[in-house]
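See below for the structure under consideration.
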Amino acid sequence: MAVPPLHALVEAGHEVALVVTRVDKRRGRGNELSPSPVKAAALELGIPVSHSVDDVLGKSIELGVVVAFGQLIKPHVLAPAPEGVPMVNIHFSLLPRWRGAAPVERALLAGDTETGTCLMQLEEGLDTGPVYDTVRVPIGPTDTADDLRRVLVAAGTEQLVRCLAEPLPQPVPQRGEPVYAAKIKPEELRIDWSRPAEEIDRLVRLGGAWTTFRGKRVKVHAAVLAEGVLTPTTVQPEGKGPMAATDFLRGARPEPGETFA
């Protein structure tokens with residue numbers, strides 16, 4: 001989610017002094033180190049990369065831009081210049097609704113019909129800072145979490161470049177009752193077929209939803225909701241690749257009354 005804003009800042013003529021991101025992760029059978037996407041993009045652009053946010057200090061940086069960083073930034077870094085670095089954050093919700101780690105996912109699960117992006121002033125609290133600019137984005141009845149992320153990243157990138165083309169205005173304090181977006185726990189992704197079909201549909205559109213059949217896990221990648229009935233269309237049985245749900249059922253030959261559990 002941070003790669004498009006990085007490219008856009010460079011293309012708009014801003015000098016990016018440093019990119020701070022997570023440490024490389026080990027992936028694959030060979031256990032090789034893999035950089036984060038934004039690190040790979042920064043290296044291609046010839047921008048230095050660090051894994052410690054403290055490294056922004058002492059570099060005469062005018063502004064830090066935070067996108068999906070996933071960590072609280074310590075107060076000494078956010079101290080007023082020249083000791084610290086002023087920072088803005090692209091947050092993917094309409095604050096103060098869905099502060100926290102999973103704003104896109106929680107908005108979808110809650111059945112919200114609208115979300116958006118806020119360019120906010122970063123402060124020590126969790127997404128508590130005042131807001132410079134807001135862009136509203138509708139959530140369609142078939143939008144997936146991946147769809148929303150793509151739209152929100154594009155909107156937030158445009159917002160960032162537009163706002164930084166001029167001196168930032170005075171930010172406005174957040175108004176309303178805060179709602180927090182906790183990370184999605186693995187157990188939340190299990191489908192409870194006793195729940196309303198609309199809720200299950202939103203869980204499937206979130207990505208990672210799963211159920212069981214004959215005691216084995218089956219991922220549900222896609223489904224169709226019609227007249228209050230949800231019908232899985234793409235599933236992935238344990239140890240196999242994604243397939244049409246009709247093909248899965250044809251091979252499984254369920255007994256009368258046998259269903260997903």
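Descriptive notes on the structure:
- Residues in the range 172-191 that are in contact with a strand residue (DSSP E or B) (Cβ under 8 Å, 6 or more places away or on another chain), surrounded by 14 or more Cβ atoms within 10 Å (Cβ to Cβ), among the hydrophobic types (A, V, I, L, M, F, W, C) and not in a strand (DSSP E or B): LEU189, ILE191.
Yes/no matrix, rows are residues, columns are (1) more than 20 Å from VAL3 (Cβ to Cβ); (2) modelled with pLDDT under 95; (3) not assigned by TED's automatic domain parsing to the domain that holds HIS221:
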position: LEU109; (1), (2), (3): yes, no, yes
position: THR115; (1), (2), (3): yes, no, yes
position: GLU123; (1), (2), (3): yes, yes, yes
position: LEU126; (1), (2), (3): yes, yes, yes
position: ALA145; (1), (2), (3): no, no, yes
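- Pairs are defined by a Cβ separation below 7 Å, a sequence spacing of at least 6 or placement on different chains, a first member in the range 218-241 that is modelled with pLDDT under 95, and a second member that is of a type outside the set (A, V, I, L, M) and not in a loop (DSSP other than H, G, I, E, B); the pairs so defined are GLU238/LYS216; GLU238/ARG217.
- Selection count where residues are closer than 21 Å to ALA110 by Cα and assigned to a loop (DSSP other than H, G, I, E, B), scope the range 206-235: 5
- Residue, nearest to LEU78 (Cα to Cα), within the range 117-130, restricted to residues that are buried (at least 22 other Cβ atoms within 10 Å of the Cβ) and not β-branched (Val, Ile, Thr): LEU122
- For first residues located in the range 249-261 and at negative phi and hydroxyl-bearing (Ser, Thr, Tyr), partners that are surrounded by 10 or more Cβ atoms within 10 Å (Cβ to Cβ) and in a loop (DSSP other than H, G, I, E, B) and lie 6+ apart or on another chain with Cβ distances below 9 Å form the pairs THR259/TRP193.
- Single condition GLY208 does not satisfy, out of (1) closer than 24 Å to THR259 by Cα; (2) touching a residue at least 60 places away in the same chain (Cβ under 8 Å); (3) under 16 Å from the mean Cα position of the chain (by Cα): (2)
- ALA40 vs. criteria closer than 25 Å to ARG149 by Cα and free of Cβ contacts under 8 Å to residues at least 12 places away in the same chain: yes
- Within the range 236-254, the residues that satisfy the criterion of being in a helix (DSSP H, G or I) and either surrounded by fewer than 13 Cβ atoms within 10 Å (Cβ to Cβ) or among the polar types (S, T, N, Q) (or both) are THR246, ASP247, ARG250, GLY251.
- TYR132 meets all of the listed conditions (1) in contact with an Asp or Glu (Cβ under 6 Å, 6 or more places away or on another chain); (2) over 30 Å from LEU249 (Cβ atoms); (3) not acidic (Asp, Glu) but one, namely (1).
- Test: LEU168 is touching a helix residue (DSSP H, G or I) at 6+ places or on another chain (Cβ under 6 Å) and within 30 Å of LEU119 (Cβ to Cβ): no
- Residue tally, condition assigned to a loop (DSSP other than H, G, I, E, B) and free of Cβ contacts under 8 Å to residues at least 60 places away in the same chain, over the range 192-205: 4
- If you go through the range 111-150 and keep only what is of a type in the set (A, V, I, L, M), without any contact (Cβ under 8 Å) to a residue 40 or more places away in the chain and within 14 Å of ARG205 (Cβ to Cβ), you end up with just ILE139.
- Residues in the range 153-171 that are assigned to a loop (DSSP other than H, G, I, E, B) and either loosely packed, with under 13 Cβ neighbours inside 10 Å or touching a residue at least 60 places away in the same chain (Cβ under 8 Å) (or both): ALA165, GLU166, PRO167, LEU168, PRO169, GLN170.
The values are calculated or read from the model by the stated rules, or taken from the named source; none is laboratory data. Please read these numbers as outputs of a predicted model, since none were measured by experiment. Virtual Cβ from ideal backbone geometry, glycine too; neighbours counted across all protein chains shown.
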